[in-house]
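Here is the structure we will look at, set down as structure tokens.
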Amino acid sequence: MIKLEKGEKPNYLSEDKVKELTKRFQTNPKDRVWKNKEIIKKLLESSKNKCAYCEIELQEKDSYGEIEHFKCKTLYPDHVVDWDNLLPSCKRCNTNKGSLDVNITSIINPYEEDPKLHLSLQNFRLYAKEGKNSKGDNTIKKLNLNEDERLTFARFKASNFINEQLEELVDNIDNIDFVRNGMSKVLRLCQRDKAFSAFLSSTLIYNPSSVTLKKLLQEKKLWDEEHIKMFNNIKEIALDPR
């Protein structure tokens with residue numbers, strides 16, 4: 001999970017339209033008034049086509065996108081089309097969260113606060129910084145963010161690929177052009193638009209080979225503005241090790 005920015009609400013959600021849709025839902029709770037192309041497009045843009053919670057790519061098998069209501073629409077029908085209450089989510093996370101009342105059991109809203117404040121990682125699993133029954137702990141458990149088959153194994157596979165790429169660069173450290181171009185590739189693979197970017201960015205930053213390669217490029221005056229920008233972007237989203 002990484003910090004996200006919502007952006008301006010779609011033009012579709014004018015004040016009058018929000019009132020109309022809210023009234024429709026209150027009259028008929030089965031009316032999916034939030035299902036609109038403009039809303040979906042804006043939400044997916046804000047999350048880089050990923051689930052706001054688990055960071056899995058949406059529209060893939062078993063992870064097609066849904067619009068999730070941070071404050072449960074059944075408990076808080078007045079917020080059914082409140083732009084600040086809508087998140088892009090995979091079906092699993094949406095289902096796992098269910099009708100949870102976030103005003104009673106608080107969880108992380110990545111659009112409102114940085115998950116780094118509450119979460120750390122170890123062995124491709126998430127851990128709460130504040131301990132049991134904290135906001136981080138609630139988020140992990142309620143959303144099942146350490147589900148082995150779907151998430152933990154996938155994080156391992158993606159992160160291991162980054163480690164393999166770094167190892168190959170170190171093995172060819174005398175080929176400076178190969179190292180420079182390869183490092184650019186690895187940095188791009190860890191940006192916020194990639195699935196599991198919180199894990200990929202941490203894998204890169206805390207791998208000793210990354211430090212070695214970065215230092216080499218700096219010494220050769222080849223650590224350019226693009227490298228710096230991408231590396232700084234990665235530092236913003238990387239979770240702390242447990």
Long-range neighbours under 8 Å by Cβ, at least six apart or interchain, first residue touching a residue at least 12 places away in the same chain (Cβ under 8 Å) and closer than 11 Å to Asp84 by Cα within the stretch 3-17, second open to solvent by 50 Å² or more (accessible area, probe 1.4 Å) and among the acidic types (Asp, Glu): Lys6/Asp84; Gly7/Glu45
Residue tally, condition assigned to a helix (DSSP H, G or I) and farther than 30 Å from Cys90 by Cβ, over the stretch 216-242: 8
Counted residues, the stretch 106-140 - those being more than 15 Å from Tyr53 (Cβ to Cβ), open to solvent by 20 Å² or more (accessible area, probe 1.4 Å) and in a loop (DSSP other than H, G, I, E, B): 7
Some residue of the stretch 79-88 being within 15 Å of the chain's Cα centre (by Cα), crowded, with 21+ Cβ neighbours inside 10 Å and in contact (Cβ under 8 Å) with a residue 60 or more places away in the chain: no
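Among the residues of the stretch 36-57, write down those that are part of a loop (DSSP other than H, G, I, E, B) and touching a Gly at 6+ places or on another chain (Cβ under 9 Å).
Selection gives Asn49, Cys51.
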Positions within the stretch 216-242 being among the acidic types (Asp, Glu) and touching a residue at least 12 places away in the same chain (Cβ under 8 Å), in sequence order: Glu226, Glu236, Asp240
Listing of helices (runs of 4 or more DSSP H) fully contained in the stretch 145-215 that carry 1 or more residues being open to solvent by 80 Å² or more (accessible area, probe 1.4 Å), more than 28 Å from Tyr53 (Cα to Cα) and without any contact (Cβ under 8 Å) to a residue 12 or more places away in the chain: 153-171, 176-189
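Quick one: count up the residues across the stretch 89-103 that are without any contact (Cβ under 8 Å) to a residue 40 or more places away in the chain, over 14 Å from Ser47 (Cα atoms) and outside any loop (DSSP other than H, G, I, E, B).
Summing the residues that are without any contact (Cβ under 8 Å) to a residue 40 or more places away in the chain, over 14 Å from Ser47 (Cα atoms) and outside any loop (DSSP other than H, G, I, E, B) in the stretch 89-103 gives 3.
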Of all residues making up the stretch 58-78, the number that are surrounded by 18 or more Cβ atoms within 10 Å (Cβ to Cβ) and farther than 14 Å from Thr139 by Cβ: 9
Selection count where residues are assigned to a loop (DSSP other than H, G, I, E, B) and open to solvent by 30 Å² or more (accessible area, probe 1.4 Å), scope the stretch 7-35: 12
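The values are calculated or read from the model by the stated rules, or taken from the named source; none is laboratory data. Because the structure is predicted, anything quoted here is derived from the model rather than measured. Cβ: placed from backbone, ideal geometry, glycine included. Neighbour counts: every protein chain shown. Just so you know, the surface numbers come from the protein's heavy atoms only, side chains and all, with ligands and any DNA or RNA stripped out. Shrake-Rupley method; radii C 1.70, N 1.55, O 1.52, S 1.80 Å.
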